[in-house]
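Here's the structure we're looking at; comments come further down.
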Amino acid sequence: MTHVSNPSVNPLLVVPVVGMGATICHWTDRSGLRGSTRSAWIHMGAACTIIAVLSTKKVVVQEDHAKRTDSNGMSESQTYAYERNPEGSTYTFTLRANGRWCQEGQTSLAIIGGRHKYHDFSF
C-alpha cells in the first residue's frame, strides 16, 4: 500500500474542529471520503468536512462535493473546488495509538486538517 502523508500536518498536533477539512487516502488516490460497499479501498471520492468532534480522538466527517477546476485531462496536475454537501454520507474516524486517523471498523486512513483530492488515472 502506498502511504500518502502531508508533512506540513502532524496528526498529533492537529486539534480537530467542526468545519475543518479532511482527506481520505486510498492507495495512491486522495479524496475527502466516499464510502463503498465493495471495498474499503476505492479510487474515487469526494472531499469531506468534520461535522462533529466527539472527543480529541474521535470525529464524524461528511462527504462534500469536489469539482475538478483544471483542464489537464488525465494528468497528475489536478485542482479541485470543494463545497459542503449537507446530504453527504457520514463516517466516523478515530485517532489510533500510531498517530493515524482510521475509519471506525475499517482500514481507511484520513489526514485531518485539509482537503487534498487526487485521482490516479493509471488504475
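The values are calculated or read from the model by the stated rules, or taken from the named source; none is laboratory data. Note that this is a predicted model, so its numbers are computed, not measured. So basically every Cβ, Gly included, is an ideal-geometry build from the backbone, and we count neighbours across all protein chains shown.
When the residues of segment 103-123 are narrowed to those that are surrounded by fewer than 20 Cβ atoms within 10 Å (Cβ to Cβ) and out of contact with any strand residue (DSSP E or B) (no Cβ under 6 Å at 6 or more places or on another chain), which ends up modelled with the lowest pLDDT? Step by step, filter segment 103-123, then rank; the result is PHE123. One residue stands out in segment 69-103 among those that are in contact with a Lys or Arg (Cβ under 8 Å, 6 or more places away or on another chain) and in a loop (DSSP other than H, G, I, E, B): the one that is nearest to VAL18 (Cα to Cα), namely SER89. Screening ALA52 against (1) under 28 Å from SER122 (Cα atoms); (2) at pLDDT 90 or above leaves a single unmet condition, (1).
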